[in-house]
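One structure is given below, encoded as structure tokens.
Read the figures in this text as sums done on the coordinates, not as results from a lab. Computed from a prediction, not measured in an experiment: that's the story for all the values here. A quick note on method: Cβ atoms are made from the backbone with ideal geometry, for glycine too, and the neighbour counts reach across all protein chains shown.
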Amino acid sequence: MDRIHLFEWEDQEWFPELFRDFITDHLAFYMGRAYRAVVPQLAEAMKSTEQTSIVDLCSGGGGPIPALLPAIAQEAGRPVSATLTDLYPNASAVERINVQVDGAVRYRAESTNAMNCPESLRGFRTIFTGFHHFRPESAKRILADAVRRKAPIAVFEAQERSLWRILTVPILLLLGSLIFTPFVGRLTFKRFFFTYVIPLAPFFIAFDGVVSCFRTYTPKELEQLTEGLDRDSYRWETGRYWTSDLLIGPYRITYLIGTPVAESGAA
């Protein structure tokens, strides 16, 4: 099945914040569970590059990092902090996360372009369920920016381009949005109305979920995106593996990890 970059509501600049936040809040809720399996892999990559901070790109409603950070720190054997970023920051998530007392995770309120990260944002870059939003030329620019700044980067996708996921993802998202909306994000009258009275919000997240499957890169396609980048000073690894969750069921995680080669190793 070829990759098809179809229309997604969330990508549109004019898409109402009400519905964008609904989508990103729900995704953050699910991703905290979906990406537990990557903790050892990410922690090992951070240890090998001596990184103690994460710069999460395309964070939306917060993504999985707030839920995973304690486990990452425990696995890495050291304190780890994280900065969340997004092109369209979720205002309620920014407020909710930035009032936390410990300050291990903060959400940058300013718009952040993953293809051109500010110099001040330094750390191990991560993208969870966000890389498929970018066409190949833009996706390659994200990787090139990491290489230019000598920043390690890890991309993870919990959906895939297969008939099985295309059929199951919309069902899971529709049911999940109806069941979990009272417990996810801020339940306003508008959110309640457009979930249960006129269910536009569940439609939007289910529609985008299907399209996300069509857009997701395979490990081979991810490897092709690294062609032309500095392979002498960077080590790239791609792959896919099975995992499972009680709510989500069995699924596969696709990943791309790029780390700078140490000076002694490059000699």
For region 186-267, the Cα convex hull volume per residue in Å³ comes to 176
Distance in nm between pseudo-label sites at S111 and S233 (7 Å out along the Cβ direction from Cα): 3.1
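Based on the Cβ-Cβ distance of R36 and R135, what FRET efficiency does E = 1/(1 + (r/R0)^6) give at R0 = 25 Å, to the nearest 0.05?
0.25
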Neighbouring Cβ atoms within 10 Å as the yardstick, rank M46, M1, M31 fewest first. M1, M31, M46
On each of the three principal axes the extent of the alpha-carbon atoms of region 42-102, given in whole Å and largest first, is 34, 24, 14
In nm, give the distance between the simple-model label positions of I171 and D11, each being 7 Å from the Cα along the Cα-to-Cβ direction. 2.7
Scaled radius of gyration (Cα, divided by 2.2 N^0.38 Å) that the chain gives: 0.97
Taking N as the number of residues in region 96-163, the ratio of its alpha carbon radius of gyration to 2.2 N^0.38 Å works out to 1.28
Hey, what's the per residue convex hull volume over the C-alpha atoms of region 124-171, in cubic angstrom? 71
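Can you check how the C-alpha radius of gyration of region 147-194 compares to 2.2 N^0.38 Å, as a plain ratio?
Ratio of Rg to 2.2 N^0.38 Å for region 147-194: 1.78.
Between T243 and I179, how high is the FRET efficiency from 1/(1 + (r/R0)^6) when r is the Cβ-Cβ distance and R₀ = 22 Å? Nearest 0.05.
Taking R0 as 22 Å, the efficiency between T243 and I179 is 0.50.
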Can you tell me which lysines have their Cα less than 28 Å from the Cα of K220? Leave out same-chain residues fewer than eight positions away. K47, K140, K150
Spread of Cα-to-Cα distances over 10 Å intervals beginning at zero, given as percent, for region 78-235: 9, 30, 34, 23, 5, 0
Fraction of the pair-distance distribution of region 8-87 above 21 Å, Cα-Cα pairs, percent: 33
Inter-label distance, nm, simple model (7 Å from Cα along the C-beta direction), L163/D2: 1.9
Give the Rg/Rh ratio for region 1-154, taking Rg as the radius of gyration of the Cα atoms and Rh as the Kirkwood radius, to two decimals. 0.95
Using a Gaussian network model of the chain whose springs link C-alpha atoms within less than 10 Å, name the residue from E160, E119, E13 with the highest mean-square fluctuation. E119
